[in-house]
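Presented below is the structure to which this report refers.
The values are calculated or read from the model by the stated rules, or taken from the named source; none is laboratory data. The structure presented is a predicted model; accordingly, all values stated were derived computationally and were not measured. Cβ placement follows ideal geometry from the backbone for every residue including glycine, while neighbour counts extend to all protein chains displayed. What goes into the accessible areas is simple: the full protein's heavy atoms, side chains included, and nothing from ligands, DNA or RNA. Shrake-Rupley method; radii C 1.70, N 1.55, O 1.52, S 1.80 Å.
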Amino acid sequence: MRPIKIVTDSCSDLTKDLREKYNIDYLRMNTVQDGKETPASLDWEYFSPQDLYNTIREGNRVTTTQVPANTFEKFFKQWLDEGFDIIYIACSGKCSGSVNTGKTVADELLKDYPDAKIASIDSLNACLGEGQVAIKAAQLRNDGLSFDEVVEQTKAVRNNVNQFVTVHNLNALKASGRVTGSSAFFGNLLGVKPILVSDTEGNNVPIKKVKGRFNSLQEIVDLSVDAIENVEDQTIFIAHSDCLEEAEEVEKMIKEKLPNADTYIGYIGPIIGASIGADAIGIFSWGKNVERLMQS
């Protein structure tokens, strides 16, 4: 049986220590500002989180690209030559076209590698929700499951990722076309904070609107605690876009309700950050199927 390479992309927001712990690689997308493309590194080699988020706070537009086809070709070919089969855990196809590009490149490469396998899996999530799915695939591989078993079981749990995210203001969501200008204006004026989840198809959708920053943080904690299952067997991930003190406060609130919870705080990376803006906070865990959450 060929060894399996688990790979994700810049939207997964997996820090270097998590990638090394679970033996996961990632493919870089790009940020674009003033016509200049910069690799979207999850290790922040090209600019710091503060550089990115202060740029956004100042009202500057940062856009993004998907993983380039030549990047897929370069690294897929390298790993195939090294004897690996490849499982690519992609950002939700509703947010990025990378999963489809990965499939297209894989189909072409496999013509020259008839004994190899490549799977491009839509994680139906982004940020550390996508990262959770990649970690799950890596754990299944590490447990000795076959390629097909890893693919099947990874796909089966995608809708059990629970994402609850809130933003400080709606400016970046407006700039990226995710809310209208009028909604952003009145939402900011009234201090309304949407609570965003990833639905069964991978769309990021608001399920609630809460007035006030503290209330929105309390709400994502309450929703996460209500949705989580088997808390002793997982890590609860807290992602933030340059608001560490508030992320630590969220962690404290989680610990008050779930004293034995294992938690991990990390940055929202360049790609997701460019869309959601500065001072966003999200909680990611395994729990109830998302379909049940959408109906509640």
> Given VAL290, ILE236, THR263, which one lies farthest toward the positive end of the charge dipole of the range 235-296, if we put +1 on the Cβ of every Lys and Arg and -1 on the Cβ of every Asp and Glu?
Replying inline: VAL290
>> So, for the chain, what is the accessible surface per residue at a probe of 1.4 Å, expressed in square angstrom?
In response: 45
> Among rounded, prolate and oblate, which fits the range 195-296 when a ≥ b ≥ c are the square roots of the eigenvalues of its C-alpha gyration tensor, a/c under 1.5 means rounded, and a/b larger than b/c means prolate?
Replying inline: rounded
> Roughly how many percent of the accessible protein surface of the range 56-119 is carbon and sulfur, given a 1.4 Å probe and a whole-percent answer?
Replying inline: 45
> Where a ≥ b ≥ c are the square roots of the eigenvalues of the C-alpha gyration tensor, would you call the range 205-244 rounded, which needs a/c under 1.5, or, failing that, prolate if a/b is larger than b/c, or oblate?
Replying inline: oblate
> Taking θ as phi - 60°, what are the ³J(HN,Hα) couplings along the range 132-149 by the Karplus curve (6.51, -1.76, 1.60), each to the nearest whole Hz, with x for Gly and Pro?
Replying inline: 4, 5, 5, 4, 4, 4, 5, 5, 5, 4, 5, 7, x, 5, 6, 3, 5, 5
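Full extension from LYS21 to LYS94: what is 0.36 nm times the residue separation minus their Cα-Cα distance, to one decimal in nm? All intermediate terms of the calculation are to be shown ahead of the outcome.
On the way: separation 73, 0.36 × 73 = 26.28 nm, distance 2.87 nm.
The LYS21-LYS94 span can extend by a further 23.4 nm.
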> What list of ³J(HN,Hα) couplings, whole Hz, do you get for the range 237-250 from phi and the Karplus terms 6.51, -1.76, 1.60, once you set θ to phi - 60° and write x for glycine and proline?
Replying inline: 9, 10, 10, 9, 10, 6, 9, 4, 4, 6, 4, 5, 5, 4
> How about the chain: what cysteines have no other cysteine beta carbon under 4.7 Å from their own?
Replying inline: CYS95, CYS127, CYS243
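With the contact rule set at Cα under 8 Å and sequence spacing of 6 or more, what percent relative contact order holds for the chain? Intermediate results must be reported in sequence, preceding the final value.
Details: 586 pairs, mean separation 65.4, N = 296.
It rounds to 22 percent for the chain.
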> If packing is taken as the mean number of other Cβ atoms within 10 Å per residue, what is the order of 226-239, 78-91, highest first?
Replying inline: 78-91, 226-239
>> Just to verify a number: what accessible area does LYS103 come out at with the full protein assembly present, 1.4 Å probe, Å² rounded to tens?
In response: 90
> Hey, can you rank 34-42, 67-75 by average C-beta count inside 10 Å, highest first?
Replying inline: 67-75, 34-42
>> Which entries of LYS103/LYS252; LYS94/LYS211; LYS36/LYS111; LYS94/LYS255; LYS21/LYS211 have Cα-Cα distances beyond 31 Å here?
In response: LYS103/LYS252; LYS36/LYS111; LYS94/LYS255; LYS21/LYS211
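Suppose we look only past 16 Å in the calculated P(r) of the range 95-162. What percent of the Cα-Cα pairs does that tail hold? Don't jump to the answer; show the numbers that get you there.
Working: 1208 of 2278 pairs.
Here the tail beyond 16 Å accounts for 53 percent of pairs.
Please identify every one of the trypsin sites (Lys or Arg not before Pro) in the range 203-296 that sits in a loop by DSSP and has no more than 16 other beta carbons within 10 Å of its own beta carbon. Working shown, then result.
Values: sites: LYS208, LYS209, LYS211, ARG213, LYS252, LYS255, LYS257, LYS288, ARG292; in loops: LYS288.
Qualifying residues, ordered by number: LYS288.
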>> Ignoring everything except DSSP H segments at least 4 long, calculate the 222 nm mean residue ellipticity for the chain; use -39,500 (n - 2.57) per segment, divide by total residues, nearest 500.
In response: -12500 deg cm²/dmol
> With θ set to phi - 60° and the Karplus curve 6.51 cos²θ - 1.76 cosθ + 1.60, what are the ³J(HN,Hα) couplings of the range 38-50 in order, to the nearest whole Hz, using x for Gly and Pro?
Replying inline: 10, x, 7, 7, 7, 9, 6, 6, 9, 6, 8, x, 5
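Report, in debye and to the nearest 20, how large the dipole of the chain comes out about its Cα centre when Lys and Arg carry +1 and Asp and Glu carry -1 on their Cβ.
Numbers: 31 positive and 43 negative charges, 174 e Å.
Dipole size: approximately 840 debye.
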